[in-house]
Each structure stands twice: as C-alpha cells, then as structure tokens.
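These notes concern the structure reproduced below.
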Amino acid sequence: MKKNLIFVLAVFCLQSFLHADPPTDSESWNWESTPFISDDFNSFDTLFWDYRTITKYNSTSRSDNVSCSGGKLLLKVEKVDGVYYCGGIISKTATKYGYYEISAKLPDARGWHPSFFLYGSYQEIDAFEFDTGQTDGFRTLKTGLHDNDPTLVSKVGKSTILTYNPQDLFKVYAMEFNPYVVRYFADGKVIDIRTFPEAEGHGDNKIYLTVIKSNDTTVVDSDLVANFEVDYIDVWKPTDIYGSINPLVLMLDFESDLDDASDKNNNVTSNWIPTYSSGLKGDYAINFSADGDKVTVADTDYLDGMNQLSIAMYLKPDNIDSTIKPIIAKRNNSTDCSYTVFTKNGKIYVDINAYLSAERVSTVNAVLTANTQKHLAIIFDGTASSNKVKIYINGIAQAVTGNETDSSVSATNADLTIGYMGGRGESFRGDIDDVKIMNYALTPGQVAVIAGSAVLNISFDDANRLLACDLSGYNHHGTLENVWWTNDAKIGSSAIQFCALNTGSYVAVPDSSLLDASAKLTLMAWVKPAVTDGINRGIISKRVGYNNEQSYSVFTKNGNVYVDIDGYSASERISKSSALTADIWTHITVVYDGTISEKVKLYINAGTPVVSTVEQTTSLPDYNSTLYIGALDASGGNFSGIIDDVRIYRKALNQTQITSEMNRWNQ
C-alpha cells in the first residue's frame, strides 16, 4: 500500500485489477507521475482510514462490517436480530484538488445506497451514489455537488446520469476536482460536469467509501448478506496547482463600484468619476468616454511573473477605427512591460513582455464591431511548445498571426491599467465589464463557460454524448431520452435529432428557479423541422402537463410558431404564421418582460418581432416543472427534426443583442 502523505509500503497482489491512469484530454490538468494516495486494500490500514460509525435511515454503520479480503475492501450489508448493519470508511487525511478514482462492484442487494464522495466543512462532492432498489436489477448512478455553507455557494442537486446493470461487474468511477469545475467519470468517459469556481468557496475534504440503507427503497432481506466491494483507490495530485492556491488574481465586476471581488484585495482606483452603463454581464459596466480615462490596479506580485496567464472580460467599443485603443495593460512603456492588449481596426493585439514585431500576436480578422458586446479572452501558456497565445471571442478561438516565444510573463513595477496603457495617451472608448485575470491557462471548455451570460447554454457539441452539457456555469445539464446525435448541425459539430413517432423523445433539464421565477426571460434556439404538419410539436417547454405548472411553452404547428407564458390562455397566446419551413434552419427567440406593456416578443431569424400587449403575467412563478427540449412535456408533443444551440437568459434581450447572439458562433 502506498500513501505519500504518510508512508510508503510496496505490496503486490495478483488478484488486484490494473489501475487506470488519470485523464489526459484537453480539459484535464497535468498530473504527477504517481498517485498521491494509493490503496490496493490488501489489508485495512488504520493509520489512514477511520471506520464510519453512524445510524441513518434505520441502518447502523459499524466496524464489524468492514474487512479486506483477496485484495478487496468489503463493506458488508446484513440483517442481524432484526437490525440492518452496514459499513463505511473515512480517510483521516483531508485533501483538496485532485483526481479521485476507485474500481468497485455494487452490492447485489436491493434497498441499499453505496456511495463514493468527498466531504468537508465547505462542500460535499459525490462521485457516485446508487440506489439499488429497482426490481429488474438495474442501478441508477447519480452525481452530486452540495454546499455546507449557504453563504458560499448555492446547493446543486443530484442528477441521474447512467442506468445499467453493474452488480456483477467491477467498474471504474472517478471525479476530478479543480478550482473551476468538477468532472465525473465512469469507465474513463465524462458523464457529468459541474461548474464550481474556487471563488465560491472550496475547502479540504475527507474521502468516504460507504454503504447505508436507502431512504427511498425497501430492503429485500432475501438478498442478504451482500458486499459493496472496492478493488483500489487512487488519488492523483495536479502538478501546477494544489491546496489553497487560487488562480483568480483579479475580479472586477463593476457593479457600481471598483471593488476587487477576488481574494487578493487588489487596490483599484480611477482617475475620473466613472460612469456606469447598463451591464454587459451584470447590472452595470464601466464606461470610458475620454482620453486619459483609466482604471488602475496597483502593482502586486500576483499580476505578473507567471508562466501562465488568462485575461477575460466583456467589452463593447463605441467605434472601430485605425487608432490604437488600449484594453488592458501592465506596462510603463513598450519595453518595460508585462503584457498589453489593445484593439485597432477591430482586431485584437497582444504583447507579452516587451514589444517585438515578430512576437506580437493578433487576430487575422477584425473581431470587434462598434456598439456590439463581445466576450474577449486572452490565454498565454509559456509552458507550451507552440501557439503560446490564444485569443477567444465569445468563447471561440480566433485565427491569429504572430509567434510569441517567451516562457513567462516578466515581473515589472508597472501598475495594471484598464482602458489605458502606459507610454501612450489614448483610452478605450466604450464599455468594459467583468474583468478577470488568472495565473492559469484556461482550457477551451473553461473559456466557453466564462464567456456565457446565459443561465442555460446547451450547444449539443458534447464529446462524450452521454448527456446535454450546459455551458452556462449553472449546471443545467439535460438527460437524453430516445434521441440521437447528428452531424447536421447549424452551430458547431453536432445537434440533436428528435423522433416524432416516439412520445418519449426529448432532452429533459431538471427544474431550477433560474429557468423561471423572473420578471424577464429570453429563450432562443435553432430548429430544423422535418415536417410542418398539424400536430403541436414542442421546441422549448417548461411544464408538468397541459396548463399544469407551466412556465412557458414554445411550439410549432403547420409551420406556425406559438408561445404560451404562465399557462395557456387563448387571448394571451402569441404566434407567428408560416415561420418554419421543412428542412430549413430557423432561429427562434422569445423575449418576456413583465415590467413593460409589450410583455412578449417573438423573433424569427432576429427579424421584426410579433409583439403581445395582452399578456397579463408580470413575473413568472417558480414552478416545480422540468424543462423539455424537443417536446411539450414527458407525455407528448414531440418535435420532428433537429434542434441546436438552446439558450435561456434571465434578462430581456433587445433586437441588436439577439442578432449578435444568433450570429456569435458564425464569426
């Protein structure tokens, strides 16, 4: 048994399964060459593990039900003298970021709840929970992420991911916990992703391997005695970040002030009384209107001297011309410089360290448009052998020219300035919002997450294709029911094909108050119907059933598009005739704003909207209903055709914003 934290003891067991390696895909971290913790369970190590002793759901976890045999950890479930007993273990050592993996076989007994999770003062992260209550022998895997301090992060509920029959199999289950997300794996495939930024509160956690009686299903006594078996556990430590290190070194949301929301407490000032405009990300953004306007962040060691750097923000320039317009810089002049980002003729230019013509990286094409909001991300990775600087617009990597060769950002005594750069007099003209700087090179997936302002952003471009991943950062992932993937996509590489002949063909997103319970909401999607017949076919709908817990329904019939808000009312339904054509892609947007008279607007391809002034609902209720894509609800109203790029915003987008969002991925 090997535990680098405590001691090393080499033991080889012929019966033990081969250990898997940590992930090496583009979204993963770099891992140390050997596991930080590794246990083959040839014996029970009381120096590392404690017994879990708890009575819960009419079952008692005790040490007598924990043993090691044949290179396996055995957690026994049984009934003795009318009492249900079970077993569990807890690591004595608390850990934080890493890749946690076990090989395990579930107990072949109904009514039990085996689980593998991390638990600490800040959060609980469930790699898996199984409820073994189904009579057909199948088991439903659930992942989970829960807070233990409601002031730090909102509770994220469990999600059903996989259903299969694993009781006679050892399978590999794992989770990757890092400062941005938690990723969940089964047999090496990503099955769930939860965005969980470190700024929301992360802490050290102990490892739990346990089985207790299920709270939802009944124990079948004839199945007993049975074991939850674990062949091994490995914990891999990342090479570039661990423990309390936080890569977020600056976070300015400009919500009517200049306060730094990161834990670095940077000193932020401005040389004028800032004007705050309508927010690009939140409620407010800062507006730069005159030469010399600048926001200054006092020099600290956090802001330079790193070998990886990520800069992200929203911006909306007033105009595009041939003059240099500084965006962000840490420099005294062009030679005494850590980094500089500016725009000219709509292109983005990046200097890492002193200006050298051959090493300046810029976009090949103009990527900014006057009076149009864009999300900009600059990623520098000095450890990469090539392509050290990447530029993203709205989460999409741009074609660039130039070849940066430096391996790190120089440490200078220059202050960081936003909207201005040292050695020149110009300032940015327009709005800047939600500025983030990290001493870490964000992956493409992480850039996509922070670029999204939607509360639901399902692109259907998921590599694992086991679920519909939500890239908004709010974990509104959808489960797939009788649908299939197609490369006939409007945006990206894939989309979802819905089967009209199957009443259970849809994508289901669990209920969340972020998807209704608002006075403002925007829904949008690309659709390509296979038919335009006389059947009501759902596109986006949040309801239990007809007029039951119905927040909204967007559906089509005979090529027309219909919208119901807060249930069905014939006098309040809004529609657009002949909006859809079979086998043609069409963009649909519904905007609801209960604070004005024109409460509902229906846009087709971002054109002139159909407007309703008769809708009575002033704010959507918090209904307890599932969101369906491709159906009206679970009982029917199925779409026939393809749907792509579904998004929901908790604000009322205007026509310019809708046009921008519709076209944002076509740059």
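Details
- Tally of residues being touching a strand residue (DSSP E or B) at 6+ places or on another chain (Cβ under 9 Å) and under 15 Å from ASP299 (Cα atoms) across region 392-419: 9
- Per the conditions (1) surrounded by fewer than 18 Cβ atoms within 10 Å (Cβ to Cβ); (2) within 15 Å of GLY630 (Cβ to Cβ); (3) not polar (S, T, N, Q), the sole criterion not satisfied by TYR568 is (2).
- Within region 406-432, if we keep just the residues that are touching a Pro at 6+ places or on another chain (Cβ under 8 Å) and not polar (S, T, N, Q), the residue that is farthest from GLN373 (Cα to Cα) turns out to be ARG424.
- Reported count of residues in region 310-336, each being part of a strand (DSSP E or B) and open to solvent by 10 Å² or more (accessible area, probe 1.4 Å), is 3.
Table: residues versus (1) at pLDDT 95 or above; (2) farther than 25 Å from LEU514 by Cα; (3) aromatic (Phe, Trp, Tyr); (4) touching an Asp or Glu at 6+ places or on another chain (Cβ under 6 Å).
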site	(1), (2), (3), (4)
ILE539	yes, no, no, no
GLN550	no, no, no, no
ASN558	yes, yes, no, no
VAL561	yes, no, no, no
TYR568	no, no, yes, no
SER571	no, yes, no, no
ASP593	no, no, no, no
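Each row is one residue, and each column tells you yes or no for (1) in a strand (DSSP E or B); (2) within 27 Å of GLY504 (Cβ to Cβ); (3) hydroxyl-bearing (Ser, Thr, Tyr); (4) touching a residue at least 60 places away in the same chain (Cβ under 8 Å).
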| position | (1), (2), (3), (4) |
| --- | --- |
| ILE540 | yes, yes, no, yes |
| THR556 | yes, yes, yes, yes |
| TYR562 | yes, yes, yes, no |
| TYR568 | no, yes, yes, no |
| ALA582 | no, yes, no, no |
| ILE588 | yes, yes, no, yes |
| TYR592 | yes, no, yes, yes |
| ILE596 | no, no, no, no |
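- Members of region 261-283 found to be in a loop (DSSP other than H, G, I, E, B), polar (S, T, N, Q) and either modelled with pLDDT under 80 or under 26 Å from LYS651 (Cα atoms) (or both), listed by number: SER262
- Once region 598-624 is narrowed to residues that are in a strand (DSSP E or B) and not aromatic (Phe, Trp, Tyr), the residue that is farthest from GLU572 (Cα to Cα) is ILE604.
- The lone criterion from (1) free of Cβ contacts under 8 Å to residues at least 60 places away in the same chain; (2) more than 31 Å from the chain's Cα centre (by Cα); (3) closer than 15 Å to ASP415 by Cα; (4) crowded, with 17+ Cβ neighbours inside 10 Å left unmet by PRO274 is number (3).
- VAL297 satisfies every condition listed in (1) touching a residue at least 60 places away in the same chain (Cβ under 8 Å); (2) open to solvent by 20 Å² or more (accessible area, probe 1.4 Å) except (2).
- Filter result (within 25 Å of ALA411 (Cβ to Cβ) and either of a type in the set (Gly, Ala, Ser) or in contact with a helix residue (DSSP H, G or I) (Cβ under 9 Å, 6 or more places away or on another chain) (or both)) within region 352-371: ALA354, SER357, ALA358, SER362
- If only residues of region 312-326 that are under 32 Å from the mean Cα position of the chain (by Cα) and of a type outside the set (Ser, Thr, Tyr) are counted, the one that is farthest from ILE379 (Cα to Cα) is ASP318.
- Within region 74-119, the residues that satisfy the criterion of being farther than 18 Å from ASP40 by Cβ, small (Gly, Ala, Ser) and open to solvent by less than 10 Å² (accessible area, probe 1.4 Å) are GLY87, GLY88, GLY98, ALA109, GLY111, SER115.
- Put simply, of GLU661, GLU598 the only residue that is acidic (Asp, Glu) and open to solvent by 30 Å² or more (accessible area, probe 1.4 Å) is GLU598.
- Subset tally (residues that are within 13 Å of THR95 (Cα to Cα) and modelled with pLDDT under 80) for region 174-202: 1
- Evaluation of LYS96 against (1) among the basic types (Lys, Arg); (2) under 23 Å from HIS202 (Cα atoms); (3) out of contact with any Asp or Glu (no Cβ under 7 Å at 6 or more places or on another chain) (one fails), failing number: (3)
- Out of ALA606, ALA631, sole residue that is surrounded by fewer than 24 Cβ atoms within 10 Å (Cβ to Cβ), within 30 Å of CYS499 (Cβ to Cβ) and touching a residue at least 40 places away in the same chain (Cβ under 8 Å): ALA606
- Some residue of region 612-627 being open to solvent by 20 Å² or more (accessible area, probe 1.4 Å), without any contact (Cβ under 8 Å) to a residue 40 or more places away in the chain and not hydrophobic (A, V, I, L, M, F, W, C): yes
- SER244 vs. criteria at pLDDT below 90, hydroxyl-bearing (Ser, Thr, Tyr) and open to solvent by 50 Å² or more (accessible area, probe 1.4 Å): yes
The values are calculated or read from the model by the stated rules, or taken from the named source; none is laboratory data. Keep in mind that this is a model prediction, so the values were computed, not measured. Neighbour counts run over all protein chains shown; Cβ positions are idealised from the backbone, glycine included. The accessibility values were calculated without ligands, DNA or RNA, using every heavy atom of the protein model including side chains. Shrake-Rupley method; radii C 1.70, N 1.55, O 1.52, S 1.80 Å.
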